[in-house]
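Visitor: Let me give you the structure first, and then I'll get to my questions.
No value in this document is a laboratory result; all are computed from the given coordinates. What you see is a predicted model, and the numbers here were worked out from it, not measured in a lab. Cβ sites come from the backbone with ideal geometry, for glycine too, and all protein chains shown count toward neighbours.
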Amino acid sequence: MLRGGPRLKTRLKSLLATGVGVFLFYSAFAQAPPSWVGKYQEAVNLLRGGNLAAATEAFERLWKANPQQYSLANAVGTALDSAGHHQEATDWYKRAIELNPQFTSAYNNLGLNYAAQKDFASAQEALETATRTDPGNEGAFYNLGLLQLQMDQFRQAVQSFRRAHELKPGDPDPLVRLAYASFRSGQRADGLRAIDALLGLPGDGGKPLATAAQVLNGAGLYREALARVRAARTTGSASARLRYEEADALFHLGDYKQAAATLLKTEPPEELRLDYHLLQGSAQALSGALPEAVKTLQTAVRIAPNRPEPYYRLAFVFVKGYRDQDAQGALSAGLEAVPNSPSLLFASGVVNEIAGRYQQAIDYVLRSLEAEPHQPGAWSALGGLYGKVGQYDKASEAYQTAVSQQATPETTVNYADLLIRVGRFAEAERLLQETLERDRKMEKAYVTMGKLYNRQKRYAEARNALERAIRLDPEDADAHFFLVASLVHVGKKEEANREADLASREKQATRSRERAALLREVLVPASAGTGSETTGATQ
């Protein structure tokens with residue numbers, strides 16, 4: 001069965017992109033407006049009205065009359081950036097810097113300007129210069145940290161956010177990002193210290209607590225999140241968010257029934273309604289309350305009819321309940337509302353694969369990959385499908401692409417299984433050994449290793465591998481099945497007969513377990529955030 005389709009993005013990414021606590025615009029004329037302010041505002045009004053050409057002429061006339069006003073050049077740059085004209089803004093910041101090489105605000109704004117144009121190397125150079133010209137500028141360090149998050153430079157981001165926090169200890173935003181960057185760089189203890197510092201700030205603790213729990217949940221530290229929420233319950237406007245974070249932690253800890261019950265205690269505000277219903281429906285489904293889950297997710301569809309997530313989850317709840325026609329109907333409705341959605345196309349491939357329509361499944365997965373090529377799970381699934389229809393060369397290429405995109409270890413095991421089928425035993429054994437070196441408790445790798453050894457007539461080794469797999473998962477029908485052949489060839493016929501009976505019994509329950517496993521994989525997304533937006537503030 002297809003596995004590893006497009007996962008829903010974590011909310012942590014959206015948290016880091018919100019611009020919470022965005023720095024104020026450091027006006028170049030905060031003390032006393034200079035003489036050119038009136039003409040400048042007239043040009044800005046032209047820009048806001050959509051007349052770029054007229055605004056540009058007005059700015060140039062103003063500049064010609066004030067050629068030494070570096071603060072004017074900086075202000076023109078920020079006006080153009082604010083209107084989305086980033087390329088036009090770049091030159092104005094450079095003019096300001098040429099007149100005043102120590103002008104920190106211009107370096108900061110030039111860095112954000114380059115970041116908006118995806119020129120991250122130039123952005124980093126400009127922001128690092130800003131921190132050198134003014135080592136006490138919190139905004140420059142904060143924006144540098146945001147850029148470093150965007151560039152996956154998590155350890156460097158830790159240093160930038162730590163400095164921003166030192167310069168302005170009462171500001172919660174550097175602490176939020178410091179915690180996130182610490183977790184992403186593997187510095188768990190430092191991340192937890194930043195979280196506790198955030199919670200120790202004076203004032204209403206509701207919002208920082210919700211943010212802290214969100215960061216902890218996004219980092220996969222669900223027990224830490226749950227402990228902090230329960231130790232510091234608050235009332236008021238943040239209570240719905242706190243309930244949600246508590247339920248999210250419970251959900252990822254496997255307490256699905258309690259997660260659903262927690263969400264029912266509070267009516268969510270409008271901005272949280274979709275998240276509430278998605279999480280509640282997922283929790284209900286995984287706790288076995290499928291009819292309730294269907295109703296909840298149908299409500300989610302009505303809340304956000306142009307979002308793929310509700311259709312995606314609803315479809316797999318139908319699959320779990322053997323309502324495959326309803327699943328396809330939900331996906332068809334979703335694709336009508338959100339054409340070419342990678343996740344919905346992939347899910348359609350899953351439903352067709354379950355129904356045995358392998359070519360249709362391949363077509364849907366290919367369309368999903370055409371819409372979004374970087375989907376290691378979808379490439380892995382495509383490899384499995386090509387294997388089922390005997391297109392082994394295409395299957396091998398798909399698996400190799402999945403591996404190159406950092407697919408899960410299960411993909412490597414599936415690729416090894418394909419190699420066994422085509423007689424490439426040495427390659428298969430190497431992949432399986434590498435996988436087991438990383439994870440000695442990966443049951444499927446032992447099953448596939450046993451299958452390989454059986455094919456090579458290394459029956460004693462096959463027996464050892466398969467018995468190890470059964471100790472890890474006694475309900476794996478394939479492990480019992482392959483063990484039968486191993487035992488027969490080593491002269492253990494009575495044990496082989498017992499294993500054959502076990503294989504038969506477990507096989508009968510396999511279909512239900514596969515659907516349950518698929519539902520869990522769909523509804524329980526990856527635990528850690530995957531990145532952040534570079535959202536800085538002009539100075």
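Visitor: What distance in nm separates the two pseudo spin-label positions at residue 54 and residue 264, each 7 Å out from Cα along the beta-carbon direction?
Guide: Result for the modelled spin labels: 6.1 nm.
Visitor: Also, I was wondering about something else. Roughly how many Å is it from the Cα centre of the stretch 477-504 to that of the stretch 413-437, as a whole number?
Guide: Taking the Cα centre of each part, the stretch 477-504 and the stretch 413-437 sit 23 Å apart.
Visitor: Further, regarding this structure: Could you sort 33-44, 474-485 so that the peptide with the highest average Cβ count within 10 Å comes first and the rest follow in order?
Guide: The densest-packed peptide leads the list: 474-485, 33-44.
Visitor: Which of the lysines could a cross-linker span from residue 388 if the Cα-Cα distance has to be under 20 Å and same-chain partners fewer than 8 positions apart are dropped?
Guide: Straight-line reach from residue 388, under 20 Å: 444, 451, 507.
Visitor: In addition: Can you give me the relative contact order of the chain as a percent, contacts being Cα pairs under 8 Å and 6 or more apart?
Guide: Details: 809 pairs, mean separation 90.6, N = 539.
Averaging sequence separation for qualifying contacts and normalising by length gives 17 percent for the chain.
Visitor: Now for a different question. Between residue 359 and residue 424, how high is the FRET efficiency from 1/(1 + (r/R0)^6) when r is the Cβ-Cβ distance and R₀ = 30 Å? Nearest 0.05. The partial results should precede the final answer.
Guide: Working: r = 25 Å, r/R0 = 0.84.
Calculated value: 0.75.
Visitor: Given 474, 198, 253, which one lies farthest toward the positive end of the charge dipole of the chain, if we put +1 on the Cβ of every Lys and Arg and -1 on the Cβ of every Asp and Glu?
Guide: In the chain, that residue is 474.
Visitor: Provide Rg and Dmax in Å for the stretch 386-517, with only Cα atoms included in the calculation.
Guide: 14.9, 46
Visitor: Starting from one equal scatterer on each C-alpha and no solvent at all, send me the Debye-based log10 I(q)/I(0) for the chain at q = 0.06, 0.08, 0.13 Å⁻¹, two decimals.
Guide: For the chain at q = 0.06, 0.08, 0.13 Å⁻¹, log10 I(q)/I(0) is -0.40, -0.68, -1.29.
Visitor: Among 380, 419, 405, whose Cα projects farthest towards the positive end of the dipole of the stretch 373-425, with charges put on the beta-carbon of Lys, Arg (+1) and Asp, Glu (-1)?
Guide: The residue sitting most towards the positive pole is 419.
Visitor: In whole Å, what is the distance between the alpha-carbon centres of the stretch 65-125 and the stretch 275-319?
Guide: 47 Å
Visitor: Apply 1/(1 + (r/R0)^6) to the Cβ-Cβ distance of residue 326 and residue 471, taking R0 = 35 Å, and write down the FRET efficiency to the nearest 0.05. Mind showing how you got there, number by number?
Guide: Values: r = 39 Å, r/R0 = 1.11.
Step by step, r from the Cβ atoms, then E = 0.35.
Visitor: Right, something else. With +1 assigned to the C-beta of every Lys and Arg and -1 to the C-beta of every Asp and Glu, and no other charges, what is the dipole magnitude of the stretch 159-270 about the Cα centre in debye, to the nearest 20?
Guide: Here the size comes out at about 220 debye.
Visitor: Then there's this: With respect to the cross-link table entries 295/394; 168/207; 94/207; 394/492, which display a Cα-Cα separation exceeding 30 Å? Could you put the intermediate results ahead of the total?
Guide: On the way: 295/394 40 Å; 168/207 19 Å; 94/207 39 Å; 394/492 40 Å.
As for pairs spanning more than 30 Å Cα to Cα, those are 295/394; 94/207; 394/492.
Visitor: Under a point-charge model restricted to the Cβ atoms of Lys and Arg (+1) and Asp and Glu (-1), what is the dipole moment magnitude of the stretch 441-514 relative to its Cα centre, in debye to the nearest 20?
Guide: Details: 16 positive and 13 negative charges, 52 e Å.
Using only the charged Cβ atoms, the result is roughly 260 debye.
Visitor: Straight-line reach from residue 320: which aspartates and glutamates have Cα under 13 Å away, leaving out those fewer than 8 places along the same chain?
Guide: 514, 521
Visitor: I would also like to ask the following. Using 7 Å Cα-to-Cβ label points, what is the residue 438/residue 271 separation (nm, one decimal)?
Guide: Between residue 438 and residue 271, the simple spin-label model gives 3.9 nm.
Visitor: Would you compute, from DSSP H runs of 4+ residues alone, the mean residue ellipticity of the chain at 222 nm, taking -39500 (n - 2.57) per run and dividing by the full residue count, rounded to the nearest 500? Walk me through the intermediate numbers first.
Guide: Details: 29 runs with 389 residues, N = 539.
-23000 deg cm²/dmol, from helical runs alone.
Visitor: Here's another thing I want to ask about it. Taking the 0 to 90 degree range and rounding to the nearest ten, how far is the long axis of helix 342-354 tilted relative to the main principal axis of the chain, both from C-alpha atoms?
Guide: The two axes meet at around 10 degrees.
Visitor: What number, in percent, do you get for the relative contact order of the stretch 47-175 if the mean sequence gap of Cα pairs under 8 Å and at least 6 apart is divided by its residue count?
Guide: Details: 151 pairs, mean separation 18.6, N = 129.
Reported relative contact order: 14 percent.
Visitor: Between residue 408 and residue 455, take the C-beta separation as r, use R0 = 25 Å, and let me know the FRET efficiency to the nearest 0.05.
Guide: Details: r = 24 Å, r/R0 = 0.98.
The computed FRET efficiency comes out at 0.55.
Visitor: If you place +1 on the Cβ of every Lys and Arg, -1 on the Cβ of every Asp and Glu, and leave all else neutral, what size is the dipole of the chain about its Cα centre, to the nearest 20 Debye? Please report the intermediate quantities before stating the final value.
Guide: Numbers: 64 positive and 61 negative charges, 236 e Å.
That gives the chain a dipole magnitude of about 1140 debye.
Visitor: Also, I was wondering about something else. As I understand it, the dipole of the stretch 441-514 uses +1 on the Cβ of Lys and Arg and -1 on the Cβ of Asp and Glu, about the Cα centre. Which of 485, 464, 453 lies farthest toward its positive end?
Guide: My answer, from the dipole projection, is 453.
Visitor: Quick one: compute the contact order of the stretch 441-514, relative version, from alpha carbon pairs under 8 angstrom and 6+ residues apart, as a percent.
Guide: Details: 90 pairs, mean separation 20.3, N = 74.
This gives 27 percent for the stretch 441-514.
Visitor: Cut-off under 16 Å on the C-alpha distance; same-chain residues fewer than 8 positions from residue 39 excluded. Which aspartates and glutamates are left, in chain and number order?
Guide: Straight-line reach from residue 39, under 16 Å: 57, 60.
Visitor: For the residue pair residue 239 and residue 299, what label-to-label distance in nm results when each label sits 7 Å from Cα along the Cα-to-beta-carbon direction?
Guide: With each label placed 7 Å out from Cα toward Cβ, I get 1.8 nm.
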